[in-house]
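Everything on this sheet refers to the single structure shown next.
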Amino acid sequence: MSERIEDIAKKMVAPGKGILAADESSGTITKRFEKLGITSTADSRRDYREMMFRAPAMKEHISGVILYDETIRQNAADGTPLVKVIQDAGAVPGIKVDTGAKDLAGFPGEKITEGLDGLRERFAEYYKLGARFAKWRAVIDVGNGLPTWGALKANAHALARYARLAQEAGIVPIVEPEVIMDGPNSTHDIDRCYEVTAWALDTVFDELFEQRVNLEGIVLKPNMVIAGQKSPKQASAQEVAEKTVKVLKASVPGAVPGIAFLSGGQSDEQATEHLNLIRQLGPLPWEVTFSYGRALQAAAMETWKGKKESLGAGQKAFAHRAKMNGLAALGKWTSKAEKEAA
Ligand code: 5MM
């Protein structure tokens, strides 16, 4: 019997565990590899991801893995499908289904996420391949009169259409409206981020309602409320946590089972500390955890650097970050734990 989406969503936000966002498109991972002098081929991308999926830390701290189309079809070096490696580690395999953020016609400087055409058929195939959740990311830039209502509404509508199609296929949609902190403008302060995040979340939940999305069968993946990277006015970690919780409490219905944050360009330790402080502001109406890409993988990739002999060290670096974030998701991270385990 197929699992209910409500139960899959709960599993994705199980206490002390979080989601590994390993869904970089080939272009993005190639850029990251090249910075470290790693040659990007289908095999090297597979080896890198297999290193993480086989790390013992997966069982303890990772509830789900977001894959890219290439990866969900790949086998490990010994021929085992990567999807099975993930399932054997007790995690849920997921798939990024958007086809990227493109320039929105008529809205200079703003993007629209594409990928709705043929999505029902793609979901049917991804389900057969083992995916039980999906991800779609909308990109919302701040600054110089941005975002506009037209762009915000178009992105929220697309997110809702995607989410409803996912649920129809028995797949939990991760709904990711990202107010970016590292865009071309990014000089905004934390209060402007708060305003835009509130506006974006309210618009997204209106659209989810209109498209008849079952809120108990989604996971929300929002940004934290944080100043832009180029802002001269950076907020304290406590302020980030407080404003993040405030906006989420005001805009996210309690029916949503869980919130899994993106890291968005924060340093590894910042992303962990912020999550920890957010958790400590409980009790909260939903589970909160991480769905980090960069902040969970950066150290592992840098340690591995494409070398076979560094696989074990890469897994250790990944285990460390996964453990620190697992502790943060319980509100039990300390900078002492960070140093001791390093
Ligand atoms: C892993 O990166 C994802 C984007 O990949 P492409 O730009 O190649 O499509 C991204 O959506 C990611 O899943 C989320 O933004 C979270 O990652 P961060 O690094 O912000 O935690």
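The values are calculated or read from the model by the stated rules, or taken from the named source; none is laboratory data. Predicted model, so just to flag it, every value in this text is computed and none were measured. As a convention, Cβ positions derive from the backbone with ideal geometry for all residues, glycine included, and neighbour counts pool all protein chains shown.
Of note:
- Residue count, segment 283-316 (criterion: of a type outside the set (S, T, N, Q) and closer than 30 Å to residue 217 by Cα): 12
- The test for being within 16 Å of the chain's Cα centre (by Cα) and more than 20 Å from residue 222 (Cα to Cα) holds for residue 28.
- Residues of segment 59-81 satisfying the condition of being surrounded by 15 or more Cβ atoms within 10 Å (Cβ to Cβ), away from the ligand (no atom under 16 Å from the Cβ) and of a type in the set (A, V, I, L, M, F, W, C): 76
- Against the list (1) among the aliphatic types (A, V, I, L, M); (2) under 18 Å from residue 61 (Cβ atoms); (3) surrounded by fewer than 21 Cβ atoms within 10 Å (Cβ to Cβ); (4) away from the ligand (no atom under 14 Å from the Cβ), the condition residue 281 fails is (2).
- Taking segment 83-131 as the range and being surrounded by fewer than 21 Cβ atoms within 10 Å (Cβ to Cβ), of a type in the set (S, T, N, Q) and within 16 Å of the ligand (Cβ to nearest atom) as the test, only 99 passes.
- Single match in 295, 322, 317 (criterion: within 25 Å of residue 183 (Cα to Cα) and crowded, with 18+ Cβ neighbours inside 10 Å): 295
- Remark: pairs (first residue in segment 289-310, free of Cβ contacts under 8 Å to residues at least 40 places away in the same chain and under 11 Å from residue 32 (Cβ atoms); second residue more than 8 Å from the ligand (Cβ to nearest atom) and charged (D, E, K, R); Cβ separation under 9 Å; 6+ apart in sequence or on different chains) = 294/32; 294/268; 298/32; 298/268; 298/321.
- Set side by side, the residues 196, 213, 225 differ, and just one is of a type outside the set (D, E, K, R), free of Cβ contacts under 8 Å to residues at least 40 places away in the same chain and surrounded by 18 or more Cβ atoms within 10 Å (Cβ to Cβ), which is 225.
- Total residues in segment 39-58, condition of a type in the set (Phe, Trp, Tyr) and either modelled with pLDDT under 95 or under 15 Å from residue 29 (Cα atoms) (or both): 1
- Selection from segment 284-319 of residues that are within 15 Å of the ligand (Cβ to nearest atom) and acidic (Asp, Glu): 302
- Residue within segment 38-58 that is buried (at least 23 other Cβ atoms within 10 Å of the Cβ), within 16 Å of the ligand (Cβ to nearest atom) and free of Cβ contacts under 8 Å to residues at least 40 places away in the same chain present: yes
- Note on segment 250-275: residues that are over 17 Å from residue 216 (Cβ atoms), away from the ligand (no atom under 16 Å from the Cβ) and surrounded by 20 or more Cβ atoms within 10 Å (Cβ to Cβ) total 0.
- When 152, 159 are checked against the criterion of being in contact (Cβ under 8 Å) with a residue 40 or more places away in the chain and within 16 Å of the ligand (Cβ to nearest atom), 159 stands alone in meeting it.
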